[in-house]
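I have placed the structure first, in the form of structure tokens, so that the comments after it can refer back to it.
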Amino acid sequence: MVLHTTPYSSACLHFLDGLSWSLVFPCYWLLDRLLASCVATSLEKRQRSQDPCSFLTFCVLISAPLYLLLLLTSLPFALLGFIIWAPLQAIRQPYLYTYHRPDKHQAEQGQAGPGGIGIGEWRPQGRSFCFCSANVCLLPDSLARFNNLSNTHRRAREVGKRIRNGASRPQIKIYIDSPTNTSISAASFSSLATGFRRTSSLDHRPDQTHTTNGPADTETEPLTECPIHPSGATDCPVHPAVGDQGSFGCPLHSDGDTTADCQLHPTGTNNNSDCPVHTSGEATDCPMHSTGHQPVPGHHDCPMHGEGTQAKPSTDCPLHTSGVQISISAPEPDPQEEEAETGNHRAGDQAGGDTSSMTASRESLSRYHGGDTGVGITSNNTLTHVPRTSIFKRPGRKRRQGDETFDHEISAFFPANLDFLALQEVFDHGSTTRLLRQLHRYFPYILSDVGRYGWKGCCSMFKFLNSGLMLASRYPILDARYECYPNGRGEDALAAKGALFAKVHVGTSHQEQRVVGYLTCTHLHAIEGDAAVRCEQLDLLLRWGAEFRQSSSQMPEGEKVLEDLVAFDVILGDLNFDNCSSEDKLEQQHALFTQYKDPCRQGPGEDKPWALGTLLDPSGLYDDEVSSPESLQKVMENEEGRKEYVVFPPSKSQCPASSQKGRKIPLKGNGRRIDYILYSDEGLQQDWKLDIEDFSFVTQLAGLTDHLSVAMRLAVSTGEEEP
């Protein structure tokens, strides 16, 4: 199980490959620029229509003839380079494995060690893992324009930056233990620290969470949601008018001399039967009615308790029955975040401009400055306990319908603490380099440059593009394999589309057994009407996957090694068919869906009501309504908005290639969902169980691709109890 870290086995072959490509590249680049100048995006057409004599139009008229002239000049050199380059592709490795050593700060946080994150003893209660799949459409610029996208290199850098920022943002968990309210209250990032927007995960945990870092400093923000009065009340006894001071006896009323007007002491006595806080007739420990009020430790700012410190919050306070606890965790931003790019790449970015820089700055969550807030941050950047927090209740974006056992949402951000990322259509070599530079700041282990060019074995046609697959992991990759689909047709046959299989190490059991997981990243045939081709590819996918799991689980001869424990088996990718189109009935009934489970699928031909189409209408990518992650999120939450910007299954009354704007015919489902995350619980250890914690449709790549990303958090439980 040797991972390929270089494209060739010898330095001589690597030199010849670089030499040949240096001869081919000028012709390739000039051809790409020439075709790009002839195909305009809707944004460029709009700009030209507003100003026909614009500088952009002038540049196109001048550059096109110049590109053509230089292209003809470079052809002899390109031909010589191609003669050397093409035969080398037959012995080139099918993928490139790169490892980026975590920085010192990440290692101190325990997020990355010498072998990756969390590669320690497997906890008895199991773990949860987060998976994400995204089609990023990083084709050569001239080809990407047919999908109404441009500036591939700039988009690649921005895609990597947004994924990294979304995944490394603080993860906030709110634990609520209340006898009267067990609902999960959503919290706003902006209410906790400058720059935060919304929570990444909200869990209801009845048990207290212990910390070794001690209590944090007290936040002085006023309560937005009072534990006593209902929402909207203006006469809360806990929140007197600004400027009022507490009394000698009752800490709530503002009258320094009497308790006659106190809403908690209407009779002016300590009769706890009238106390609006506790309902029990026997509340001898109520701090409002105790003689000689004593502060309760653990609640610094509570008007009941006064001053006092204790690591564990009190459970006796009627205003703090839940002991609301907020945990924030996030890695520090990379110190080289703003490193300058050099050479022509930098100049090209400046010339082209960054049309989404404002969007990126709005939604970027990777930077956090603890000094700007009043909350206490421990050495590992974790807000351990905030006795008085700024929380407001509002309808959360996470929803659960009917008998659904997990949450689902439309999110403007990639999930926090993302573990595995599968990308499709990373075809352009320059874009791959820029994308890797960004992703390696979060993912230590990446498989990229997957697939072979030229002629190779089963691939009969010459491959001008590789597979476009990329797999990034926070856990060590033990083994990997790539297989090429041999039955591509038409323009799809020009790319080495296939499947990438990987085995990852996620932990070690008490018996020194490795706990592993299997990942499959794939991209199927795209041409509509070729259902038989896709079904054949699905057959190959299942067969290759079984062969890979069998071969990678074989132990070396002569070595006594315990068998690996399998935690999960997940397939991620763009399958290029949906579960609602009548043209895709053959794929919908494939055996794939008997071996693997689709969280969004109700059955063949029917998705769950909350499932969304992931293929966006290319003609509307630059509309103001969907130009940012937040605005696209709002549109996707609205049924009418989805009809405008999501591609729906084609109907007999409309050409599939035409735009959907203004379409009034009935639409089936919520759009074409062609991006999938499937999981299998077959082959797991006895008593082990898989449960989905949440599933999300991600809009953070708005304006950068014509697909929505999908993410799933999967919990692996072992059936054992914590010792």
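Listed values, structure above:
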quantity	calculated
Amide H contacts under 5 Å for His707, placed H, 5+ residues apart	Leu616
Of Lys463/Lys597; Lys503/Lys560; Lys161/Lys608, pairs whose Cα-Cα distance is over 24 Å	Lys463/Lys597; Lys161/Lys608
Simple label model, 7 Å out from Cα along Cβ direction - Gln550 to Val39, nm	4.2
Theoretical gain in end-to-end length, Leu586 to Lys560 [0.36 nm per residue, Cα-Cα removed]	4.8 nm
Order by protection proxy (mean Cβ within 10 Å, highest first), peptides 676-688, 429-441	429-441, 676-688
For Trp455, solvent-accessible area (1.4 Å; no DNA, RNA or ligand), Å²	140
Cβ crowding within 10 Å averaged over residues, with 587-593, 492-498, 60-66 ranked highest first	492-498, 587-593, 60-66
Calculated FRET efficiency for the pair His429/Thr5, C-beta based, R₀ 25 Å, to 0.05	0.90
Potential lengthening between Ser49 and Ile527 on full extension [0.36 nm per residue; Cα-Cα distance subtracted]	168.8 nm
For peptides 521-533, 125-137, 598-610, sequence by mean Cβ density within 10 Å, most packed first	125-137, 521-533, 598-610
Amide H within-cut-off set for Gly507, under 5 Å, with H built and near neighbours excluded	Val515
Extension gain from Ile91 to Leu70, taking 0.36 nm per residue of separation minus the Cα-Cα distance	4.4 nm
16 Å reach of a label modelled at Glu491, 7 Å along Cα-to-Cβ, counting backbone N of the range 607-629	618-619
R0 of 25 Å, Cβ-Cβ distance Cys59-Phe15: FRET efficiency to nearest 0.05	0.10
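The values are calculated or read from the model by the stated rules, or taken from the named source; none is laboratory data. All values reported here derive from a predicted model rather than from experimental measurement. For neighbour counting, all protein chains shown are included, and Cβ atoms are generated from backbone atoms with ideal geometry for every residue, glycine included. For accessibility, only protein heavy atoms count, side chains too; no ligands or nucleic acids. Shrake-Rupley method; radii C 1.70, N 1.55, O 1.52, S 1.80 Å.
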